[in-house]
Amino acid sequence: MFSKVEKVTCVGAGYVGGPTCAMIAHKCPDIQVTVVDMNSEKIAEWNSEKLPIYEPGLHEIVMAARGKNLHFSSDIPKAIREADLIFISVNTPTKNYGRGKGMAPDLKYVESVARTIAQHAGAPKIVVEKSTVPVKAAESISFILREAQKNDTRLAFQVLSNPEFLAEGTAIRDLSNPDRVLIGGESTKEGQEAIHHLVSIYERWVPRDRILTTNTWSSELSKLAANAFLAQRISSINAMSAVCEATGADVREVAHAVGFDSRIGNKFLQASVGFGGSCFQKDVLSLVYLCESLNLQKVADYWMGVIDINNWQRRRFADKIIAELFNTVTDKRIAIFGFAFKKNTGDTRESSSIYVSSHLLEEHAKLAIYDPKVSEKQIRMELGNNVDKQIVEKLVTVCADPYEAAAGAHAIVVLTEWDEFKELDYSRIYSSMQHPAAIFDGRLILDQPVLRDIGFRTFAIGTAP
Ligand code: NAD
Ligand code: UGA
């Protein structure tokens, strides 16, 4: 094929493509890295001072490498032609139409990139599936590429699976010090050679024993399995949170005691208003759909339980707010603290805030929403996709600071665990609110006894009042 990878292209300049390629450029100054996207506005932002995504540490490494060995471009054919290795890092959202609607991932973007590569390659390429895809997706990509090969003997392709495990908000830390890098490929000589080329990129900064190589299907399935296991832990602790509320146990103490067992471990046991983000729900649904199509209904049902508990937890929290506000929130001002799906990101995809806010809007509550990293436009867009746009227009105010949001409110609802919410002057906030004033902590970040001393009625997920 070629002796060394000198040029890398990544198709898809999103949350994964941008940071991953910035890290490769940062760690491999001798490799030219080009990130392309069909969204030219996004590319313009990557080339500007204000990057299209917020991620701690990202700005610094982009600015250091941009224009040297890191490039952002809209010229997709050129970037494909020039690359030795091409990452496919496009979105794979849950389908919202046709067969598999609401369950299967939509692979149209992945397929379209495969066709563009087939059309413009002109020379041998290693094609790396970075997007999260169902098992056997690499087969479809290979099929399309092999067709191109039949008409052009200069071409040769190897398709690898190299799923990404970074989490938003900690992407740079995760990329620079990953628990593992996973690479799947064919067992043929050419397949092993392609794996070796990709290993030699990561090897520059990841210890070799943390770079795992497997067959293609194990790699694809491991990504779905990893997200399903992580989501399952959250649903497990959230299921326990309901038992805690009903019995007087405290979910933080239960998580601590359970997580102390080294076989279980203490990570991902933080009870919450439900997991959000673009991937957990999408990937668990993708796994459920895969199992159903393999006639493994019991397995599908098992994993579907993870999603069911998550939806139930969101609804349960919203219902709790309504019940505690004397069974009516109509025309009551409620301050929503946090709209992003977790702290340190401006990403709102599948955020539990959308669902809790929507339930409250359906009850005609007036919401005053504050999030340090999410724009008003974004908040209105997300809510408008869930409830009538006129209701959003009429009942939602987006505030520039948390004090403004809380002023005159009957209740505060904490939905994202931003650190700044821990440090607010709650005495000042209390005196600006309607009384009785309540705080609903969906993230367990506030000091309940202190708030109660101030005068608040407090409700925290997984704790008895
Ligand atoms: P994203 O929506 O942020 O970015 C995808 C980009 O691909 C978009 O900018 C879009 O314009 C572009 N694109 C789509 N089709 C294209 C085409 N044909 N040609 C050129 N550009 C095209 O998505 P993301 O969050 O970066 O996720 C990408 C993949 O990585 C998904 O499969 C996701 O499941 C997976 N993943 C995401 C995360 C995460 O934290 N967001 C982590 C691990 C894995
Ligand atoms: C998750 C995984 O952690 C990544 O490994 C994976 O690569 C990524 O999905 C993906 O495939 O997209 P991400 O969704 O960015 O990353 O963020 P997480 O930290 O996993 O949080 C997801 C959601 O679960 C958030 O809403 C978070 O608040 C919630 N969560 C997390 C809890 O409610 N409790 C916890 O203990 C941990």
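Taking the criterion of being of a type in the set (A, V, I, L, M, F, W, C), in contact with a strand residue (DSSP E or B) (Cβ under 8 Å, 6 or more places away or on another chain) and farther than 30 Å from PRO465 by Cβ, would at least one residue in the range 213-233 satisfy it? Yes. Across the range 120-139, the qualifying residues are those that are under 23 Å from GLY14 (Cα atoms) and open to solvent by 30 Å² or more (accessible area, probe 1.4 Å), and the one among them that is nearest to ligand 2 (Cβ to nearest atom) is VAL135. Screening ALA368 on (1) touching a strand residue (DSSP E or B) at 6+ places or on another chain (Cβ under 7 Å); (2) assigned to a helix (DSSP H, G or I) shows it passes everything except condition (2).
Residue by residue, here is whether (1) open to solvent by 60 Å² or more (accessible area, probe 1.4 Å); (2) assigned to a loop (DSSP other than H, G, I, E, B); (3) at pLDDT 95 or above; (4) over 21 Å from ALA242 (Cα atoms) holds:
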{"site": "GLY408", "(1), (2), (3), (4)": "no, yes, yes, yes"}
{"site": "GLU417", "(1), (2), (3), (4)": "no, yes, yes, no"}
{"site": "LYS422", "(1), (2), (3), (4)": "yes, no, yes, yes"}
{"site": "SER427", "(1), (2), (3), (4)": "yes, no, yes, yes"}
{"site": "TYR430", "(1), (2), (3), (4)": "no, no, yes, yes"}
{"site": "GLN434", "(1), (2), (3), (4)": "yes, yes, yes, yes"}
{"site": "ARG443", "(1), (2), (3), (4)": "no, yes, yes, no"}
{"site": "PRO449", "(1), (2), (3), (4)": "yes, no, yes, no"}
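In the condition set (1) within 16 Å of ligand 2 (Cβ to nearest atom); (2) of a type in the set (A, V, I, L, M, F, W, C); (3) under 18 Å from the mean Cα position of the chain (by Cα), ILE379 is compliant with all but (1).
Every residue, every condition in (1) under 23 Å from the mean Cα position of the chain (by Cα); (2) open to solvent by 50 Å² or more (accessible area, probe 1.4 Å), yes or no:
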{"site": "ALA255", "(1), (2)": "no, no"}
{"site": "VAL258", "(1), (2)": "no, yes"}
{"site": "ALA271", "(1), (2)": "yes, no"}
{"site": "LEU294", "(1), (2)": "no, yes"}
{"site": "ASP308", "(1), (2)": "yes, yes"}
{"site": "PHE339", "(1), (2)": "yes, no"}
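Candidates are the residues of the range 451-465 that are modelled with pLDDT of 95 or more, among the small types (Gly, Ala, Ser) and within 21 Å of ALA249 (Cβ to Cβ); the one that is nearest to ligand 1 (Cβ to nearest atom) is GLY462.
Apart from one condition, LYS282 fits all of (1) more than 29 Å from ILE412 (Cβ to Cβ); (2) open to solvent by 40 Å² or more (accessible area, probe 1.4 Å); (3) in contact (Cβ under 8 Å) with a residue 12 or more places away in the chain; the exception is (2).
Whether a residue is more than 23 Å from the chain's Cα centre (by Cα), within 23 Å of LEU58 (Cβ to Cβ), of a type outside the set (Ser, Thr, Tyr) and buried (at least 22 other Cβ atoms within 10 Å of the Cβ) was assessed, and LEU175 does not pass this test.
Among the residues making up the range 199-221, those that are open to solvent by less than 40 Å² (accessible area, probe 1.4 Å) and within 16 Å of SER142 (Cβ to Cβ) are THR216, SER219, GLU220.
Name the residue, out of THR247, THR216, that is touching a residue at least 40 places away in the same chain (Cβ under 8 Å), out of contact with any Leu (no Cβ under 9 Å at 6 or more places or on another chain) and of a type in the set (S, T, N, Q).
Working: THR216 fails: out of contact with any Leu (no Cβ under 9 Å at 6 or more places or on another chain).
Only one candidate qualifies: THR247.
Just one of LEU182, LEU166, LEU160 is within 29 Å of TYR289 (Cα to Cα), within 23 Å of the chain's Cα centre (by Cα), in a loop (DSSP other than H, G, I, E, B) and within 16 Å of ligand 1 (Cβ to nearest atom); which is it? Please lay out each step first, then the result.
Working: LEU182 fails: in a loop (DSSP other than H, G, I, E, B); LEU160 fails: in a loop (DSSP other than H, G, I, E, B).
That would be LEU166, the only listed residue that is within 29 Å of TYR289 (Cα to Cα), within 23 Å of the chain's Cα centre (by Cα), in a loop (DSSP other than H, G, I, E, B) and within 16 Å of ligand 1 (Cβ to nearest atom).
Per the conditions (1) within 30 Å of TYR15 (Cβ to Cβ); (2) touching a Phe, Trp or Tyr at 6+ places or on another chain (Cβ under 9 Å); (3) not small (Gly, Ala, Ser), the sole criterion not satisfied by ILE321 is (1). Somewhere in the range 233-243, is a residue crowded, with 17+ Cβ neighbours inside 10 Å, within 16 Å of ligand 1 (Cβ to nearest atom) and of a type outside the set (S, T, N, Q)? Checked the range 233-243: at least one residue is crowded, with 17+ Cβ neighbours inside 10 Å, within 16 Å of ligand 1 (Cβ to nearest atom) and of a type outside the set (S, T, N, Q).
The condition of being without any contact (Cβ under 8 Å) to a residue 60 or more places away in the chain and open to solvent by less than 20 Å² (accessible area, probe 1.4 Å) holds for only one of GLY169, GLY184, that being GLY184.
The values are calculated or read from the model by the stated rules, or taken from the named source; none is laboratory data. Every value quoted in this text rests on a predicted model; they were computed, and no experiment measured them. Counting neighbours? That spans all protein chains shown, and the Cβs are built from the backbone with ideal geometry, glycine included. Areas reflect the complete protein model, heavy atoms only, side chains present, ligands, DNA and RNA absent. Shrake-Rupley method; radii C 1.70, N 1.55, O 1.52, S 1.80 Å.
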